[in-house]
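*Asks:* The structure under discussion is supplied below as structure tokens; questions concerning it will follow.
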Amino acid sequence: MDWSLSSLSSLSFLAFRRWFWSESFWLPPNVTWKDLESPIGSGGAESPVGGDWDPHGARDSDGGDGGGDRSTVTIPSVYDLWLGFPLAVVLFGLRLLWERYVAHPVGLLHNFRETPIATPLPNATLEEAFRLHGKTLPDHGKILGYAKQLDLTPRQVERWWRRRQLLGKPSQLQRFKETSWRFVFYLCSFWSGLYVLWDKPWLWETNYCWQNYPRQHVPSDVWWYYLIELGFYLSLVLSLFRDIRRKVRFPPHLQSTFCIFCFSCCCITRVSFEFDDLRN
């Protein structure tokens, strides 16, 4: 019985897999997934392609810059995603160095506050009231009621409430260190993307984006750009537990960007690269 259920689940998974990765949906006519496989299983290395490979993506008299030589065609592979993890560790280490030796001194130079907000005195009654009302300051009547109950002045209750609202918020210096790293990376990413695209003909003539699609050669600079971007978003996932805490721990925009980038890395095309660079 257990064996039959296991076989049924395996068959269901295979049927779903065939339906999801249907070539008629994902690929143009007369193109199969076999056409997009790298013979040595790595899209990052230049791989010999034999058989009936169509070399029209190479630079020739019509200006295309898609394929290079027939014997050195680079094809993206799903296994390239694994290279994003060591790059994420490297970028995370660079971020720590940046925050400690660059952003921290610069922030102090501009008088950003380093010490956090003072912690309010422990008070069980006001803590319960804070959980009841949230961060919204109660009306004056309730403030007077809490003040009489605790033998405090209304001013002291309001001061406690405001300090409790600010508790856990990062200092200005901490915010500056985190945002400065992202600013520097996004700035470098945008300009390096323009540099990588500048000599590509499909930047200036969109007709080349579809030439020999999807059998398009991936230049090494484009391939490395994708991997570094993927490593950066993976490093953001690694740093979620030490970054400034937000209402949403894993924001939807980061989830969607990460999924789109992973899919895009597996099927790098000229259109997707232009879109990713403009998105940055």
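*Asks:* Closer than 30 Å to ARG163 by Cβ and either in a loop (DSSP other than H, G, I, E, B) or modelled with pLDDT of 75 or more (or both): does that describe ASN30?
*Replies:* So ASN30 fails the test.
*Asks:* One residue is enough: does the range 172-180 have a residue meeting the conditions surrounded by fewer than 19 Cβ atoms within 10 Å (Cβ to Cβ) and either outside any helix (DSSP H, G or I) or of a type in the set (Val, Ile, Thr) (or both)?
*Replies:* yes
*Asks:* Let me ask something else. Could you please give the count of residues in the range 147-171 that are within 24 Å of GLU99 (Cα to Cα), open to solvent by 90 Å² or more (accessible area, probe 1.4 Å) and assigned to a helix (DSSP H, G or I)? Spell out how you get there, then give the answer.
*Replies:* To start, the set of residues in the range 147-171 that are within 24 Å of GLU99 (Cα to Cα) comprises 166-171.
If we keep only those that are open to solvent by 90 Å² or more (accessible area, probe 1.4 Å) too, we end up with 169.
Subsequent filtering for residues that are assigned to a helix (DSSP H, G or I) retains none.
So the count comes out to 0.
*Asks:* Right, here's the next one. Does ASP80 fit the bill of being of a type in the set (Asp, Glu), touching a Gly at 6+ places or on another chain (Cβ under 9 Å) and either modelled with pLDDT of 95 or more or open to solvent by less than 20 Å² (accessible area, probe 1.4 Å) (or both)?
*Replies:* Yes; evaluated as a whole, the condition is true for this residue.
*Asks:* Give just the number: which of (1) more than 30 Å from TRP224 (Cβ to Cβ); (2) without any contact (Cβ under 8 Å) to a residue 40 or more places away in the chain; (3) open to solvent by less than 70 Å² (accessible area, probe 1.4 Å) does HIS140 not satisfy?
*Replies:* All conditions pass for HIS140, except number (3).
*Asks:* On to the next question. So LEU194 passes all but one of these: (1) surrounded by fewer than 14 Cβ atoms within 10 Å (Cβ to Cβ); (2) in a helix (DSSP H, G or I); (3) out of contact with any helix residue (DSSP H, G or I) (no Cβ under 8 Å at 6 or more places or on another chain). Which condition number does it fail?
*Replies:* (3)
*Asks:* Residues to consider are PRO122, PRO116; find the one that is within 19 Å of PHE241 (Cβ to Cβ), modelled with pLDDT under 90 and more than 20 Å from the chain's Cα centre (by Cα). Spell out how you get there, then give the answer.
*Replies:* Numbers: PRO122 fails: within 19 Å of PHE241 (Cβ to Cβ).
It is PRO116.
*Asks:* Can you tell me which of LEU197, LEU173, LEU132 is within 30 Å of PRO105 (Cβ to Cβ) and aliphatic (A, V, I, L, M)? Spell out how you get there, then give the answer.
*Replies:* Details: LEU197 fails: within 30 Å of PRO105 (Cβ to Cβ); LEU132 fails: within 30 Å of PRO105 (Cβ to Cβ).
Step by step, each of LEU197, LEU173, LEU132 is checked, and only LEU173 is within 30 Å of PRO105 (Cβ to Cβ) and aliphatic (A, V, I, L, M).
*Asks:* Separate question: Hey, among the residues in the range 213-255 that are modelled with pLDDT of 75 or more and open to solvent by 70 Å² or more (accessible area, probe 1.4 Å), which one's farthest from PRO28 (Cα to Cα)?
*Replies:* ARG242
*Asks:* Just to be sure I understand the filter: pairs with C-beta atoms under 8 Å, separated by 6 or more residues or on different chains, first member in the range 219-233 and outside any helix (DSSP H, G or I), second member of a type outside the set (A, V, I, L, M). Which pairs pass?
*Replies:* Close Cβ pairs satisfying both conditions: PRO219/ASP65; PRO219/GLY68; PRO219/THR74; PRO219/LYS200.
The values are calculated or read from the model by the stated rules, or taken from the named source; none is laboratory data. From a predicted model like this one, the values you see are computed outputs, not experimental measurements. Cβ sites come from the backbone with ideal geometry, for glycine too, and all protein chains shown count toward neighbours. When the accessible area is computed, the model is the full protein with side chains, heavy atoms only, and any ligands, DNA or RNA have been set aside. Shrake-Rupley method; radii C 1.70, N 1.55, O 1.52, S 1.80 Å.
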